[in-house]
1. What is the gain in length, in nm to one decimal, between Thr145 and Asn119 on full extension, counting 0.36 nm per residue of separation less the C-alpha to C-alpha distance?
2. Using a 1.4 angstrom probe, figure out how much accessible area the range 176-332 has per residue, in square angstrom, rounded to the nearest whole.
3. What percentage of the solvent-accessible surface of the range 59-161, computed with a 1.4 Å probe over protein heavy atoms, is contributed by carbon and sulfur atoms?
4. What accessible area, in Å² to the nearest ten, does a 1.4 Å probe give for Arg306?
5. What FRET efficiency comes out for Asp297 versus Tyr408 if R0 is 25 angstrom and r is the Cβ-Cβ distance? Round to the nearest 0.05.
6. How would His106, His365 rank on accessible area, largest to smallest, probe 1.4 Å?
7. Can you tell me the dipole magnitude for the range 169-311 around its Cα centre, using point charges on the Cβ only (Lys, Arg +1; Asp, Glu -1), in Debye to the nearest 20?
8. For the range 270-401, which whole-number percentage of the solvent-accessible area (1.4 Å probe, protein heavy atoms only) is attributable to carbon and sulfur atoms?
Amino acid sequence: MNRIFASGCTAAFAITVLTTVVPSRNAHAQIAFENVSSAAGFINVNSDTWGASWGDLDGDHYPDIFLSNHFSRAALYRNNRDGTFTNVSAQVDLSKTPGWTGGRAHVDTHGSTWGDLDNDGDEDLYESVSSGVDNVWINDNGLLTLRSVQWGVDHLITRSLRQNLLFDYNGDGLLDYRQLYALWERQNWRATELDFSVDREQWVVTPREAQESTIWSLGSFYVGEERVTADLAPFLQAAPTGEIELFLATQLVDEARHAAFFDRFGAEVMCLSADDFRGRMREVEQVLLSPWREVFDDGLRDVAKRIQAKPDDIDLFVEGIATYHMVVEGFLAVTGQTLIRDYMLEHSMYPGFCEGFGLVERDEHRHVAFGVRFLRDAIREDPRHRDTVERVVLDLAPKAAYVFAPPYVKDAAPVVPKVNEPAPLPRLPNRSKLRLRSPAAPVSSARGYRQVETGSENPCASCS
């Protein structure tokens, strides 16, 4: 069965399931359609839509849908990830936009399009309005604010325009350093204010082996965030312009905040036994494997030391940015963040951690955007740098791919391109090195979770 979502343009909005049945190899496919709008949550949606558009409002990788609803109030439905949708217009339209959740209902609206206008990793929303100026909503962590004036479309009277299209006119697609700095100011967050109470309740009913697997999965980030914080410092001294120095200073703050976030989770949820940040970090570092050390020690730390010794060497700085922003962050961090967070969200695991990890991921997108901007400009100024970037990526990216191979994989070579043959993957260090303590305060019950029967000892089970 193949499922295809479709939206109607007039009369009413409908979601249709396309079912394809193939009775035999040589028979023609039988195609049937089933209207599942009511079951999906679209009840009493009988207005002219004149353009429904799919977009990811909340960054969970499940498509949400905006209905412009010609001459009646617009609606935005969030995907519940179970085949149903919920109208969240009142919660997300912070500006109480006329024609949507505020002002008069009868606005001559037409098509709409989602796209990341401000390069912050969130999909923003543009709507055509024939009876007035177009609407531009900027998405900030799942909340939409009308910014038509700020984005210069308040003077556009687009009568008879039916559908809009977002595209990169000049092929740039990149924010400059001042815009990236301003974006950092708007996106600051507090690691100390995340709520780990449910996470802690879930952890104490998790079997020992599953806890150790989680520690290994998060270990590269736990230790890596502290490592990239320390190794970024020489880059500030070597920054070729003041604008680059300012942005790198914001990134240094980000990386320190990320390290604090992981340490809070390690101390308050994962029950690591050491009493201080460095002690807990050394504890987790014991489970990291040789591929991680190849990337962070032989790759990032090595180039950071060389930049510190020769801060005026622009060729070396280009090599450092390619290593840091393209491989460590663009390839390794963003990939791992997406895989881990998506898995936890799909299984309703560790909501406080997922919230914080999403904010970390948003920061990393900004860092990668800086790296792409700098390297693009450097190559335009001196084409020699193209060879440097290619050399770094081709050397380190295959090594970084092995970081994702868990300890029980004896040979990851079949799924990793062969560039330099890595050392054999070692087994997970002796479990006795992971000394997990019980949380200081007891937990009365784990909401929605039960103790899993397992032969492995759960060091926190006494608190459940």
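The values are calculated or read from the model by the stated rules, or taken from the named source; none is laboratory data. Treat the numbers as computed from the prediction; the structure is a model and nothing was measured. For neighbour counting, all protein chains shown are included, and Cβ atoms are generated from backbone atoms with ideal geometry for every residue, glycine included. Heavy atoms of the whole protein, side chains included, go into the accessibility calculation; ligands, DNA and RNA do not. Shrake-Rupley method; radii C 1.70, N 1.55, O 1.52, S 1.80 Å.
1. 7.8 nm
2. 37
3. Values: 2260 of 4230 Å².
Carbon-and-sulfur percentage of accessible area, whole number: 53.
4. Roughly 80 Å² of Arg306 is accessible to a 1.4 Å probe.
5. Details: r = 24 Å, r/R0 = 0.94.
About 0.60, to the nearest 0.05.
6. From most exposed to least exposed: His106, His365.
7. 300
8. 51
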